[in-house]
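First comes the structure, then the notes that go with it.
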Amino acid sequence: MKFNFNLKNFFLNLLILFAAFIIIFPIFWIFLMSLKSSAQVMEWPPVFIFEPTLDNYKVLFDMSKAGSSNYGTIKINFLEPILNSVIISGGAVVVSLIIGIPAGYILARSNFKFKEDIGFFILGFRFAPLILVIIPMFYFFTILGIKDTYFGMIWVYQVITLPMIIWLTRVYVEDIPIELEEAAFVEGANVFHVILKIILPLLRPGLVGASLLVFLLAWHNFALGLLLASKKAPVTVALLKLLNPGINFYPVMACGLVISMIVPILLIFLGQKHFVKGLTFGAVK
Amino acid sequence: MYQSREKSLKNYLILPSVLVLLCFLFVFFYGVYLSFTDLKLGKPTVNFAGFKNYIYLWKNPLFWKSTKLTIYFTLVSVVIQAFLGVLLAKLFSTKVILAKVFRPIILLPLVLPPMSVALMWTTMMNPERGVLNYFLSLFSIEPFMWISQYSTAMLSIIFIDVWTYTPFFTLIIYAGILGVNQEMKEAAQEAGASAWTTFWKIELPFMMPYVLIAAVFRIIESFNQFDIFIGTTGGGPAKATTVYSIYAYIQSFQNLNFGRGTAILFVNWWLVLIGALITMKLYQMARKRVS
Amino acid sequence: MKKIKIFFSAILFSIISTLALADFDWKKYAGEKIVFAYDIHPYVDALVEKLPEFEALTGIKVDAQIFPDDVYWNKLNLEITTDSGAWDVAGTGVQPTWDTSVGNHNVDLSKFLNDPSMTSPDYNYNDIYPSLRSAMTWDVKGEEVVGNGKGVWGLPHSFENMNLMYRNDILGKHNIKPPKTLPELTATCKKLKQVEPGITPMALRGVNFWSSVHTAPASIAKSYGVVDYVMKDGKISDTGLDSKASIKFHKDYVAMVQECAAKSWPNDNWYQVVDALTSGNAAMAVDANMFGFWNNIKDPDGKNPSGKISFAPPPTAPGAKNFESNIWIWCITMPSASKKQGPAWYFMQWATSQKMVLDGAMMGKMVNPIRKSTWESDDWKKYANQPEFNNYYDTFMEVQDRAALFFTPRYGFGEAMNAWSVAMQEMVNGRPVEETLKELAGSIRAGI
């Protein structure tokens, strides 16, 4: 009996190991690649054991001269796109929280004529192909003069972040028993007070998860930054800058990939619980 | 009295969000309008062109090929992800040690930017020097062409998509599994049902709503998928992976046919709408069945 | 009396000419700021390094914005055709400018060239190679581009002609001579595969973008007698891409790709080509000649295969009398929406002046130089003929004789030529050549 039990578990453990390997290996491989020299990257069979070097990271941050001298002084300065990503994604989330939480609250609590229509309208924003928006946006941005500005980018990122925040807030608020608020209203509190003092603290764990999720979605975005920004382009767009033989591009691109992935990975480990809650609560309802 | 005035005032809280989203709606309509013009970047005149762009698409074999590719990609990816998602959810919900240890890593592929994922796999999928073919060679398997050949490119991209987004299904289904009525499960097992029957008749129906709601999200995103395609093949080789988003991108930004590009995207939008609505209906049916 | 007249006219003449030559006011726009956009490229590196000189000369500040290749071309189209005014000077090529000049989105520079108050007298526009100047000159009539016109839509900045480049260490090891015709090239690849199985015989671009067809295919196809468009009465009447000559060329070319190119060919762009040639993972390439030049430069870190790359004219059709080469001209253009046209023009003439072109060449970056005077200068001759560059200089001179733009000016260049690169992928994948070319020609014909 005991022997049987162990065999089944052993087999399950093996399967899990296999699944974990498939998930982790590509990321691990790219990380290895970022530590290799250009010659090592192209070797066949691929090398797993080698002397690591931080040279490629130095090139990425312009701390050492890029690659061969014939391609000269290609400055990369990856710090700028990273900063752009942080400012744009973070800014977008903050703005979405400010205008989205009240909206979500209203959708959850109020009853007015077009409520469900507006709700569906907000949800429907997820349906639209982003590129359909970009083309006219490009015209408008040019006319308004906000192309390649943080303001313009944060505004356009609302397409990604705002609907999610509104919808998730609505779902969470619907979970909260309405008695608390009714009591507060009876005692004469106004709606801002109710939101700030009562709802927000209760929402906090769910909102942290939702914010993380939405920040990630913003961080991932590529198409908007590609066409609507130049100097303010986020890190995903800057990755393309690394496709250049002048900088030994395979390993340096691997560095760029690692960095573009490390911010989300860190966030996940820090906010794991919240993130999963945010993801599943919203979807499950 | 006091309450009703408060009520009507507070409804205006929704206004800023609605305004912001309204302007995107306006942009959307403007984009749709553009699809009825002959807008070509660079040409000095823009004229209303009625359905000309749509007729062009209707008559164009590449448009139909793109349609097939987009639907094929979405359906195959989502079905495989759903299937594997259920498997992984069951696997990681078992009580074995490694399940607990490795549970957090399920999130990993999800949090990576799709563009980074695309570039990462492109490197690994190099037919002559990529590490994937190295692993195949260890099992004496011939080098696979991955994204470099017409016949294998779409499958390779589906592979990448499955790797990235199966965890999404896993997470959602996993949350659902936790809620499966333990008593029902035990009762069935006591009544002599095998593990398989328990799974098929009790657990799976419970999981279906979760699978379907995750499917709605994935279907929407797969119909609109751009990053993974542009980061790997850019629509090639030989149009093997020219899905709607890529087709529209090439038409608009390389060939300067903005009118046609927006027309393609408008059709894309309808596809998304229909796909999402169908899946939502299935979801509601599954919900009913469970309760 | 006569002597006095001559004497006075001589003085008058020298006064006037001195007044004319001196006092070209370089500082007219001092204090202005312009935005200059370009693709990541050593050409612009050279300019950026010398920007302080420009600022000292003119007092104009330049904000150089440099973009990755994959992004730049699409951005360029957007910025210029929407008249955004974000850029005052933009790097571009001849063909993309056909598409943007039609809506008058680019400034016709002849008004500046012919204005002595705007152009320095020692600019010497005619010193630039004639084929380069004529490539940038056409007329816009309505919504059509008409070649051989008078409008100057950009200044050549630096350019490429196509060579067959090869690793002399690899070919030398096996006593293989560089092939002269396309079928010979395929045969050479077969042989290389036998003696050096670990490397790819040929590095080739294959991405579904016109940049893949304008290097090797355009150059070799011309020697088969292939034309992109057929002209009648000075107007485009038909496409030549499904002609008998074209079918023959494509059959040979596709066979070569299938035999010689890397398996990743459909996704390979110029960076993969350069990487393969420099690392020795490929033995040959038909591509822009300055890639070979750059990788022959003696590199202090020893990362360059210095001296290992040799040059030859592009392969031809079997039995062809001459080889042919397409040219790709990087040029700088002025978007019409620029609000700083004066300062922008000052920058443009400085960037393409005799001094800058020679300086850029001597830095090893602005190669190939656009001016005849540069190629005849002793400094450049000495530099480019150093042993590590092998026969770069001589091959350039040889090829330059026949180098010309393969393409016919036409709005819609991008669309048609992108389709050609996709058709190439289909044929390499196995689709019958005649059928594919017919379909390609049909779609292009529909737009004529």
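The values are calculated or read from the model by the stated rules, or taken from the named source; none is laboratory data. Here the structure is a predicted model, which is why all the values come from computation and not from measurement. Cβ atoms come from the backbone with ideal geometry, glycine included; neighbour counts cover every protein chain shown.
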Query raised in the report: Within the stretch B:237-249, how many residues turn out to be out of contact with any Phe, Trp or Tyr (no Cβ under 8 Å at 6 or more places or on another chain) and within 16 Å of B:A153 (Cβ to Cβ)?
Result: 2
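Conditions (1) farther than 20 Å from C:L164 by Cα; (2) buried (at least 18 other Cβ atoms within 10 Å of the Cβ); (3) hydroxyl-bearing (S, T, Y); (4) free of Cβ contacts under 8 Å to residues at least 60 places away in the same chain, marked per residue:
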| position | (1), (2), (3), (4) |
| --- | --- |
| C:G342 | yes, no, no, no |
| C:K381 | yes, no, no, yes |
| C:Q400 | no, yes, no, no |
| C:A404 | no, no, no, no |
| C:R431 | yes, no, no, yes |
| C:L437 | yes, yes, no, no |
| C:A441 | yes, yes, no, no |
**Report entry** Within the stretch C:344-359, considering residues that are of a type outside the set (V, I, T) and touching a strand residue (DSSP E or B) at 6+ places or on another chain (Cβ under 7 Å), the one surrounded by the most Cβ atoms within 10 Å (Cβ to Cβ)
**Finding:** C:A344
Requested in this report: Pull up the stretch A:1-53, narrow it to residues that are among the small types (G, A, S) and under 22 Å from B:W163 (Cβ atoms), then point me to the one that is farthest from the other protein chains (Cβ to nearest Cβ).
Outcome: A:S34
Query raised in the report: Does at least one position in the stretch C:43-58 carry a residue that is touching a strand residue (DSSP E or B) at 6+ places or on another chain (Cβ under 6 Å) and in a strand (DSSP E or B)?
Result: no
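For every residue, the table says whether it meets (1) without any contact (Cβ under 8 Å) to a residue 24 or more places away in the chain; (2) farther than 24 Å from A:I146 by Cα; (3) out of contact with any Leu (no Cβ under 6 Å at 6 or more places or on another chain); (4) more than 14 Å from chain B (Cβ to nearest Cβ).
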| position | (1), (2), (3), (4) |
| --- | --- |
| C:K50 | no, yes, yes, yes |
| C:E55 | yes, yes, yes, yes |
| C:V71 | yes, no, no, no |
| C:S84 | no, no, yes, no |
| C:V89 | no, no, yes, yes |
| C:P96 | no, yes, yes, no |
| C:S101 | no, yes, yes, no |
| C:N114 | yes, yes, yes, yes |
| C:S120 | no, yes, yes, yes |
Query raised in the report: Looking at this structure, is A:F120 part of a helix (DSSP H, G or I) and either closer than 26 Å to A:G90 by Cβ or among the polar types (S, T, N, Q) (or both)?
Result: no
Report task. May I ask you to list the residues in the stretch A:135-153 that are part of a helix (DSSP H, G or I) and in contact with a Ser or Thr (Cβ under 9 Å, 6 or more places away or on another chain)? Result -> A:I135, A:P136, A:F138, A:Y139, A:F141, A:T142
Report summary line: From the option list B:F229, B:F223, single residue qualifying as modelled with pLDDT of 90 or more, within 13 Å of chain C (Cβ to nearest Cβ) and under 15 Å from B:T70 (Cα atoms) is B:F229
Query raised in the report: Within the stretch B:93-112, can you find the residues that are free of Cβ contacts under 8 Å to residues at least 24 places away in the same chain and not hydrophobic (A, V, I, L, M, F, W, C)?
Result: B:T94, B:K95, B:K100, B:R103, B:P104
Query - Unique match (being part of a loop (DSSP other than H, G, I, E, B) and not hydroxyl-bearing (S, T, Y)) among C:G364, C:G360, C:G342 - result: C:G364
Report summary line: Going through the stretch C:190-222 in order, the residues found to be within 26 Å of C:A416 (Cβ to Cβ) and in a helix (DSSP H, G or I) are C:W210, C:S211, C:S212, C:A216, C:P217, C:A218, C:S219, C:I220, C:A221, C:K222
**Report entry** Matching residues, the stretch B:126-148, being away from chain C (no Cβ under 13 Å) and part of a loop (DSSP other than H, G, I, E, B)
**Finding:** B:F139, B:S140, B:I141
Query raised in the report: Do we have any residue at all in the stretch B:191-199 that's in contact with a helix residue (DSSP H, G or I) (Cβ under 7 Å, 6 or more places away or on another chain) and either surrounded by fewer than 18 Cβ atoms within 10 Å (Cβ to Cβ) or among the hydrophobic types (A, V, I, L, M, F, W, C) (or both)?
Result: no
Requested in this report: Please enumerate the residues belonging to the stretch C:246-269 that are more than 9 Å from chain B (Cβ to nearest Cβ), within 24 Å of the chain's Cα centre (by Cα) and not in a loop (DSSP other than H, G, I, E, B).
Outcome: C:S246, C:F249, C:H250, C:Y253, C:V257, C:A261
Report task. Run down B:L282, B:L256 and say which single residue is within 14 Å of chain C (Cβ to nearest Cβ), hydrophobic (A, V, I, L, M, F, W, C) and in contact (Cβ under 8 Å) with a residue 12 or more places away in the chain. Result -> B:L256
Query raised in the report: Identify, please: which residue in the stretch C:291-312 is surrounded by fewer than 24 Cβ atoms within 10 Å (Cβ to Cβ) and away from chain A (no Cβ under 14 Å) and is, among those, farthest from C:N163 (Cα to Cα)?
Result: C:S310
**Report entry** Residue in the stretch C:151-168 that is in the same structural domain as C:W210 (by TED's automatic domain parsing) and outside any strand (DSSP E or B) present
**Finding:** yes
Report summary line: Scanning the stretch C:297-320 residue by residue, the ones that are among the polar types (S, T, N, Q) and at pLDDT 90 or above total 2
Query raised in the report: Conditions: (1) crowded, with 21+ Cβ neighbours inside 10 Å; (2) at pLDDT below 90; (3) in contact with a Leu (Cβ under 8 Å, 6 or more places away or on another chain). B:G235 meets all but one. Number of the miss?
Result: (3)
Report task. Scan the stretch C:152-185 for residues that are among the small types (G, A, S), surrounded by 19 or more Cβ atoms within 10 Å (Cβ to Cβ) and either in contact with an Asp or Glu (Cβ under 9 Å, 6 or more places away or on another chain) or within 21 Å of C:P313 (Cβ to Cβ) (or both) and report the count. Result -> 1
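I need the full set of residues from the stretch A:108-125 which are of a type outside the set (G, A, S) and out of contact with any Phe, Trp or Tyr (no Cβ under 8 Å at 6 or more places or on another chain), in order please.
Correct list: A:R109, A:N111, A:F112, A:K113, A:F114, A:K115, A:E116, A:D117, A:I118, A:F120, A:F121.
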**Report entry** Residues that are of a type outside the set (K, R) and not in a helix (DSSP H, G or I), drawn from the stretch A:184-242
**Finding:** A:E187, A:G188, A:A189, A:N190, A:N221, A:F222, A:A229, A:S230, A:A233, A:P234
Query raised in the report: Name the residues in the stretch C:411-446 that are within 12 Å of another protein chain (Cβ to nearest Cβ) and assigned to a loop (DSSP other than H, G, I, E, B), would you?
Result: C:Y411, C:G412, C:N429, C:G430, C:R431
Report task. Output the residue which, of all residues in the stretch C:312-332 that are touching a Phe, Trp or Tyr at 6+ places or on another chain (Cβ under 6 Å) and not aliphatic (A, V, I, L, M), is nearest to C:W87 (Cα to Cα). Result -> C:W330
